[in-house]
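Below is one structure, written out as structure tokens; the observations come after it.
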Amino acid sequence: MIAKIETHFQGNLAAIETTGSAMPDDIGVKVMRVFLARFLQSEDGAVTVDWVVLTAAIVGLGIAVMTSVGGGVTDLSGDIATELTNQEIATY
């Protein structure tokens, strides 16, 4: 097995010296074509887009809820603070 690997790298030395690449051009083109074909057939990207849109909708809904409820929460907390400040502490 090691001999096969060494032979493979020895054969690529000429390609490295002439083109600066570890793979001859024709092999690189074939590898790129296979990669591109697999990428175009894959549906993982579509699923990712679905999740991104769903997450953005949830974040937008959260921001809308906080905007509409925020004023009421501020008023309520001010009222509670006023009531607590006006309370007298009984000491015996």
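Beyond 15 Å, what share of the Cα-Cα pairs of region 44-86 is found? Please give it as a whole percent. Pairs farther apart than 15 Å: 62 percent. A simple spin-label model places pseudo-atoms 7 Å from Cα toward Cβ; at Asp79 and Val29 they are separated by 7.7 nm. A simple spin-label model places pseudo-atoms 7 Å from Cα toward Cβ; at Thr48 and Ile89 they are separated by 5.9 nm.
Every number here is computed from the coordinates shown, using simple stated rules; none is lab data. It should be emphasised that the depicted structure is a prediction, and the values quoted were computed from it without experimental measurement. So basically every Cβ, Gly included, is an ideal-geometry build from the backbone, and we count neighbours across all protein chains shown.
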